[in-house]
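Undergrad: Got a structure for you, questions after.
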Amino acid sequence: MRFDVVGIAKYTRQVRIYEIKSSRGDFLCDTKWERYLPYCTHFSFVAPAGAIFRWELAREVGLIEYGAPAFERMRRARRFGMTIVREDCLRATRPSRRLRDRVADAEWISLLETIALSGRAGTSDPAYLEGAGI
């Protein structure tokens, strides 16, 4: 399994998975995201504003949009040297709801093994080693 973004709380076994979509077509042709649900306690899509409609998702699945009308204000403000407001970058259209209290043992072990083994491959790009690629 290759998650786009995953956040893990090791003591509480809470896992948040974020699936990033670049367009509506990307969302419509993707069927693998439903297989991720057993591995997380919270699941959300991150997509351009208007690419995914809330009614297309189950109530528990969250939706975070970027490039909303506030994004255009942000671009104009940056051009004139103004400060970019944090709220203008991302907008949680619908927060994700808890799917379960904690991830089951088999899925938890699978997640930990995946993370441990993927670290061995390493990356040669220094930007990612410093955390700038996140």
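Undergrad: So which residues in region 19-40 are among the β-branched types (V, I, T) and at pLDDT 90 or above?
TA: Matches in region 19-40: I20 only.
Undergrad: Being more than 15 Å from the chain's Cα centre (by Cα) and either loosely packed, with under 12 Cβ neighbours inside 10 Å or modelled with pLDDT of 80 or more (or both) narrows it down to one residue among V61, V85; which is it?
TA: Working: V61 fails: more than 15 Å from the chain's Cα centre (by Cα).
Exactly one residue qualifies, and that residue is V85.
Undergrad: Having 3 or more residues that are within 13 Å of L99 (Cβ to Cβ) is the bar; report the strands (runs of 3 or more DSSP E) wholly within region 14-66 that clear it. Give the steps one after another, and end with the answer.
TA: Working: elements: 14-20, 42-48, 62-66.
By residue number, 14-20, 42-48.
Undergrad: Need pairs with beta-carbon distance below 6 Å; first residue outside any helix (DSSP H, G or I) and within region 101-126, second surrounded by 12 or more Cβ atoms within 10 Å (Cβ to Cβ) and at pLDDT below 90; sequence gap 6+ or separate chains.
TA: Cβ pairs passing all conditions: R102/R13; V103/R13.
Undergrad: Of the residues in region 2-13, how many are in a loop (DSSP other than H, G, I, E, B) and in contact with a Phe, Trp or Tyr (Cβ under 7 Å, 6 or more places away or on another chain)?
TA: Residues meeting the conditions: 3.
Undergrad: Evaluate region 105-120: report whether one residue or more is at pLDDT below 70 and not acidic (D, E). Lay out the reasoning, then the answer.
TA: The first filter runs over region 105-120 and keeps only residues at pLDDT below 70, leaving 119-120.
Going one step further and asking which of them are not acidic (D, E), we end up with 119-120.
Scanning region 105-120, I find at least one residue that is at pLDDT below 70 and not acidic (D, E), so the answer is yes.
The values are calculated or read from the model by the stated rules, or taken from the named source; none is laboratory data. Note that the structure is predicted; figures quoted are calculated from it, not measured. Neighbour counts run over all protein chains shown; Cβ positions are idealised from the backbone, glycine included.
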